1. For a 26 Å ceiling on Cα separation, which of these pairs sit above it: Lys17/Lys45; Lys17/Lys125; Lys18/Lys70?
2. Report the local net charge at Lys23: Lys and Arg +1, Asp and Glu -1, summed over other residues whose C-beta lies under 14 Å from its C-beta.
3. Within the set of other residues whose C-beta is less than 13 Å from the C-beta of Gln123, count the net charge using Lys and Arg as +1 and Asp and Glu as -1.
4. Just to confirm a number: summing +1 for Lys and Arg and -1 for Asp and Glu over residues other than Leu73 whose beta-carbon lies under 15 angstrom from that of Leu73, what do you get?
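A short reminder: the numbers here are calculations on the coordinates, not readings from a lab. All of these numbers come straight from a predicted model, not from anything done at the bench. No Cβ is skipped: glycine too gets one built from the backbone with ideal geometry, and neighbour counts run over all protein chains shown.
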Amino acid sequence: MITETTFNQVKDYVRCKKFDGIKVKGISEEITAYTPEQVLVDIEKIMAVSRNNRSALPADDVNSSLEKLKESLFSPRFNIPRGKQQESGIFPYLKELFVDMSTAVESISNDYHEEYVFKKYLQDKWNELVRRHRNLQV
């Protein structure tokens, strides 16, 4: 869920479902929160345009919110290369290990950014492994 402040920053980019009357520990009054349901734009494309064309740069808080949204939506893809899917090969076992590690980090991370950094690291390591061993017979 996201706060109303964050929703106001990303509402043009993300379709959300609104929830009123949410009780939050440590806050006496109920709040409104939102659940992101669908990204309506290509976040990477917007951020690339923003980096390359300073005049097209949205407000800093919106750009920051887009980066946070990109990170929070990141999910590693551990695709097994074609021809490496046989059950006797090592790639299915490595995929299982990477998926388990990615899932575990969700429960031990302090925040979405820390989770993103670790999941991105796992994704990069997987991609490197696949690149180096594309022709490896396993």
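1. Values: Lys17/Lys45 24 Å; Lys17/Lys125 35 Å; Lys18/Lys70 20 Å.
Result: Lys17/Lys125 exceed 26 Å.
2. Working: positive: Lys25; negative: Asp20, Glu29, Glu30.
After counting each charged neighbour, the total is -2.
3. Details: positive: Arg77, Lys95, Lys119, Lys120, Lys125, Arg131; negative: Glu71, Glu115, Asp124, Glu128.
Result for the local shell: +2.
4. Overall, the nearby charge balance is -1.
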